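Q: Take this structure first; my questions come after.
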Amino acid sequence: MALEHAILVSLSERAGSGYELTRRFEKSIGLFWSATHQQIYRVLKRMEEAGWVAVDVVAQSGRPDKKVYTVSDRGRAELVRWLAEPDPSAGPVELAVKIRGATFGDPAKVAEEIVRHRAKHAERLDVYRQIEKRDFPAPAALTGRHLHQYLVLRGGIRVEEGQVEWFDEVLTALHHPKDAR
């Protein structure tokens, strides 16, 4: 995923200037993906050149004109394409942006992507648990190198448990939006 897609999601939610986008990123998408003010402006310029965004110039007294960006038809088409495109290498950040943007594309396609990633993480979790059972049957007795190896494995188990639980929560909400909290 490129920053362009995160910006398309944000601008689909609400038009804004580069400055406003930067502030929004800091309070939302930026909680899990950071983008500097300069990066956002560079990407907005590329997106304008590609026809993904339209720009309204708003005159301001005593200050430079403000550029307000909106998603163009071409940008909406790109967002819909990206949301539906399977990405086996997508990490949690990319998936979070897809989930956030699901309403602007086909939520069922986003759900299919989540199902695929959930299966991959559930499989990895099963492998980690098998290793734990096989190699560390008595964790309370571990010391030194073996304890350290066990702790790293437990970290992997916790990460995968969290991913699987989050995917289950997302899928429940996408399939039963009125029941989700």
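The values are calculated or read from the model by the stated rules, or taken from the named source; none is laboratory data. It should be emphasised that the depicted structure is a prediction, and the values quoted were computed from it without experimental measurement. As a convention, Cβ positions derive from the backbone with ideal geometry for all residues, glycine included, and neighbour counts pool all protein chains shown. What goes into the accessible areas is simple: the full protein's heavy atoms, side chains included, and nothing from ligands, DNA or RNA. Shrake-Rupley method; radii C 1.70, N 1.55, O 1.52, S 1.80 Å.
Q: Please get the size of the charge dipole for the chain, origin at its Cα centre, with Cβ charges of +1 on Lys and Arg and -1 on Asp and Glu, quoted in debye to the nearest 20.
A: Computed charge dipole of the chain: roughly 420 debye.
Q: Counting only protein heavy atoms and a 1.4 Å probe, tell me what percentage of the stretch 106-180's accessible area is made up of carbon and sulfur.
A: 56 percent
Q: Please work out the average accessible area per residue across the chain, using the 1.4 Å probe convention, and give it in Å².
A: Solvent-accessible surface per residue comes out at 60 Å².
Q: Mind ranking 109-122, 151-164 by how tightly packed they are, going by the mean number of other C-beta atoms within 10 angstrom, highest first?
A: Peptide ranking by packing, descending: 109-122, 151-164.
Q: If you take the charge dipole of the chain about its Cα centre, with +1 on Lys and Arg Cβ and -1 on Asp and Glu Cβ, which of Q39, A122, V159 is farthest toward its positive end?
A: With unit charges placed on the Cβ atoms, the residue in question is Q39.
Q: Follow-up. With labels modelled as points extended 7 Å from the Cα through the Cβ direction, what inter-label distance (nm, one decimal) is found for D73 paired with A140?
A: Rounded to a tenth, the inter-label distance reads 6.9 nm.
Q: What is the distance in Å between the Cα centroid of the stretch 64-105 and that of the stretch 137-159?
A: For the stretch 64-105 versus the stretch 137-159, the Cα centre distance is 40 Å.
Q: Between D87 and V55, take the C-beta separation as r, use R0 = 35 Å, and let me know the FRET efficiency to the nearest 0.05.
A: E between D87 and V55, to the nearest 0.05, is 0.75.
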